[in-house]
Amino acid sequence: MKTILYLFLLTCLSLPMALAAPIQETPFANWTASELMLNNGVVQLTIQLPASAGNFLTRLYKPVAGDFQCFAKTSPDFKFSVNGVTYAGSDAWKQVGIQKIKDDKQGDGAAVTLQSQDGKVELTVRFLLYPDMPVIRKNLIVKNLTNEVARLESVDVGTFTVPPYYAPTFSWIFGDYGRRRTVGPYKGTMQDALVIVYNPDWKHGIVIGNEASGVMKRTAAFWEGPELCAGLTHSTDRFPFRKWLAPGESFETPAVFTMVYTNHKNPDEILNMAVPAFARKHLGIRLSVLAEKLIKELAGALPIMLGDPRKLSESDLKKYRRYADWLQATQTRYDFMSYRQDLAGFGEPMDGMWDGFQRINTDSKRGGIVGVFRHGSPETKRMVTVSQLEPALTYRVKTMDGKRITSLTGQALQTTGFAVNLTQLYDGELFELSTN
């Protein structure tokens, strides 16, 4: 673990930041007096607007192509409480305004401003879509319209109702960043920045990303009823979210993002391709927006987390520098740091098993790296297959020392692969894949 953290810090601090992508000009949002329609050619969402008085409901959310049956005919879209009173899209609202919005990461969409029937709350619901992505990103801005301090709690930024016959055991739920599979009612933890619901019979599902920090995030599936929810922790949770709003004060929630998908034999493809592509292209690098003081604090935390690096032996310093130099050199050649895929046939790290990863630049497909690790497994040899390569191209597989292991086409690497022998009970090896 120390090695991994040292390499991460050394490499991240030395890598250049990616240039911002050009702003998307094609509008993805259109509306009438009664409907808001969001469509980027990949995913579509239709919202029923309340006009002068009515509901704010999700009426359609699906991929543009293919059949999709995950949701009921209407969903309340959002839910929260102010001073113990619950407000949801299924309540009565007055529409105050609607406008197009953009962000600096090619996001394009609309923001709808509503006022509650009791006149105590103003709410702005913001939707963003991105080019060629099955993603809708959303957040809320809640404003206190009363003359007294208000208590905001139990915020569900996104709420989707599922059909009554859609039992909790009818789908797999992948928690802990999509790595652990369960069935039945599920409420996420601080580790659940990403949850996947997948129906293996219908071969479709939804990815739910929650951008709230730490223990404040809450993502639930079938937990308190036939619905999927994402947002901030509820008042009954162990670490309940609460925001006191002064008269006229507003609070903007962290965003959630969702991806609906169909015709997938398993959720690995969207987890390994669409999710990291969205994060890489449109979420940005969070370290780049940290305040300078916070970055200095991270440097101060290094000895606490890992021990004082000045006290490493000369041989250990050379070892860590060798790994860091190799990672930086391969990153310069292949630009793979923003890409990560699961290695087929390898599970999560656990004693008595093997695990591994691949980082292949799936845009250029010129190469990347593969890591394979033995954690006390009785097996000393495993075959490693690598996906997301160009089938007709020939790739060289080399060790960190430059020793050539094999040369195979992308197709052969995906179907046959290459052998890895690790004689020590606990050991690992890094490999470089290149087309030249």
**Message:** So, ALA412, is that one at pLDDT 95 or above and not in a strand (DSSP E or B) or not?
**Reply:** yes
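Pick out the one residue from LYS105, LYS100, LYS73 that is surrounded by 14 or more Cβ atoms within 10 Å (Cβ to Cβ), under 28 Å from VAL42 (Cα atoms) and within 27 Å of the chain's Cα centre (by Cα). Before you say what the answer is, go through the steps one by one.
Numbers: LYS100 fails: surrounded by 14 or more Cβ atoms within 10 Å (Cβ to Cβ); LYS73 fails: surrounded by 14 or more Cβ atoms within 10 Å (Cβ to Cβ).
Exactly one residue qualifies, and that residue is LYS105.
Give the stretch 198-219 a look and list any residue that's of a type in the set (Val, Ile, Thr) and crowded, with 23+ Cβ neighbours inside 10 Å, or say none.
Hits for the stretch 198-219 are ILE206, VAL207, ILE208, THR219.
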**Asked** Checking ASP156 against (1) assigned to a loop (DSSP other than H, G, I, E, B); (2) modelled with pLDDT of 95 or more; (3) within 20 Å of the chain's Cα centre (by Cα), which single condition isn't satisfied?
**Response** (1)
**The lone exception for TRP244 - which of (1) farther than 21 Å from VAL135 by Cβ; (2) in a loop (DSSP other than H, G, I, E, B) it fails** = (2)
**Prompt:** Out of (1) under 30 Å from PHE170 (Cβ atoms); (2) modelled with pLDDT under 95, what's the single condition that is false for SER14?
**Reply:** (1)
**Request:** Test LYS265 against the stated conditions and say whether it is basic (Lys, Arg), part of a loop (DSSP other than H, G, I, E, B) and at pLDDT 70 or above.
**Result:** yes
**Fill in**
Subset of the stretch 75-100, residues in contact with a Lys or Arg (Cβ under 6 Å, 6 or more places away or on another chain) and in a strand (DSSP E or B), comes to ALA88
**Request:** Could you tell me which of the residues THR258, THR330 is modelled with pLDDT of 70 or more, surrounded by 18 or more Cβ atoms within 10 Å (Cβ to Cβ) and farther than 30 Å from ALA111 by Cα?
**Result:** THR330
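Does PHE336 qualify as being in contact with a Gly (Cβ under 6 Å, 6 or more places away or on another chain), in a loop (DSSP other than H, G, I, E, B), crowded, with 16+ Cβ neighbours inside 10 Å and at pLDDT below 95?
Working: in contact with a Gly (Cβ under 6 Å, 6 or more places away or on another chain): yes; in a loop (DSSP other than H, G, I, E, B): yes; crowded, with 16+ Cβ neighbours inside 10 Å: yes; at pLDDT below 95: yes.
Judged against the criteria, PHE336 is a match.
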**Prompt:** For the stretch 159-193, which residues satisfy the criterion of being basic (Lys, Arg), modelled with pLDDT under 90 and not in a loop (DSSP other than H, G, I, E, B)?
**Reply:** ARG180, ARG181
**Message:** Considering only residues that are surrounded by fewer than 15 Cβ atoms within 10 Å (Cβ to Cβ) and either outside the structural domain of LEU408 (by TED's automatic domain parsing) or part of a strand (DSSP E or B) (or both), which ones fall in the stretch 358-393?
**Reply:** GLY376, LYS381, MET383
**Message:** So for the stretch 220-232 (the condition being under 17 Å from ASP268 (Cα atoms), surrounded by fewer than 20 Cβ atoms within 10 Å (Cβ to Cβ) and either in contact with a strand residue (DSSP E or B) (Cβ under 6 Å, 6 or more places away or on another chain) or not aliphatic (A, V, I, L, M) (or both)), does at least one residue qualify?
**Reply:** no
**Asked** If you scan the stretch 315-327, which residues turn out to be without any contact (Cβ under 8 Å) to a residue 40 or more places away in the chain and crowded, with 18+ Cβ neighbours inside 10 Å?
**Response** none
**Request:** State which residue pairs qualify: first residue in the same structural domain as VAL43 (by TED's automatic domain parsing) and inside the stretch 261-278, second residue assigned to a helix (DSSP H, G or I) in any location, beta carbons under 8 Å apart, and separation of 6 or more residues or different chains.
**Result:** TYR261/ILE270; TYR261/ALA274; HIS264/ILE270
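Out of curiosity, is SER171 within 24 Å of ARG126 (Cα to Cα), free of Cβ contacts under 8 Å to residues at least 60 places away in the same chain and either out of contact with any His (no Cβ under 7 Å at 6 or more places or on another chain) or surrounded by fewer than 17 Cβ atoms within 10 Å (Cβ to Cβ) (or both)?
Details: within 24 Å of ARG126 (Cα to Cα): no; free of Cβ contacts under 8 Å to residues at least 60 places away in the same chain: yes; either out of contact with any His (no Cβ under 7 Å at 6 or more places or on another chain) or surrounded by fewer than 17 Cβ atoms within 10 Å (Cβ to Cβ) (or both): yes.
Judged against the criteria, SER171 is not a match.
The values are calculated or read from the model by the stated rules, or taken from the named source; none is laboratory data. Just so you know, these numbers come straight off a predicted model, no measurement behind them. Methodologically, a virtual Cβ is constructed for each residue, glycine included, from the backbone with ideal geometry; neighbour enumeration extends over all protein chains shown.
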